[in-house]
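The values are calculated or read from the model by the stated rules, or taken from the named source; none is laboratory data. Just so we're clear, the structure is a prediction, and the values are computed from it rather than from any experiment. Cβ sites come from the backbone with ideal geometry, for glycine too, and all protein chains shown count toward neighbours.
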């Protein structure tokens, strides 16, 4: 089992990059190339800190909604899904 974890870790870490699933595996995402991005580790961690398991499109739409609410002068009650 430890060997399998190490092998998986070696696959994830490529220098200072790792795999980011656009649609998280916990939400049914796959290892299909169109669902994988190789990001540097700090950007990957920052994305998940800010947006949880949102897809890139969901995060973009969420930011647009916040910006629109700000333009309208509405009070913001920000919460990540």
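Restricted to region 14-28, and to residues there that are exposed (fewer than 15 other Cβ atoms within 10 Å of the Cβ) and part of a loop (DSSP other than H, G, I, E, B), the residue that is modelled with the highest pLDDT is 28.
For every residue, the table says whether it meets (1) within 11 Å of residue 20 (Cβ to Cβ); (2) in contact with a helix residue (DSSP H, G or I) (Cβ under 7 Å, 6 or more places away or on another chain); (3) modelled with pLDDT of 85 or more.
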site: 45; (1), (2), (3): yes, no, yes
site: 48; (1), (2), (3): yes, no, yes
site: 52; (1), (2), (3): no, no, yes
site: 60; (1), (2), (3): no, no, yes
site: 68; (1), (2), (3): no, no, yes
site: 76; (1), (2), (3): no, yes, no
site: 81; (1), (2), (3): no, no, no
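Note on region 36-70: residues that are within 11 Å of the chain's Cα centre (by Cα) and not in a strand (DSSP E or B) amount to 17.
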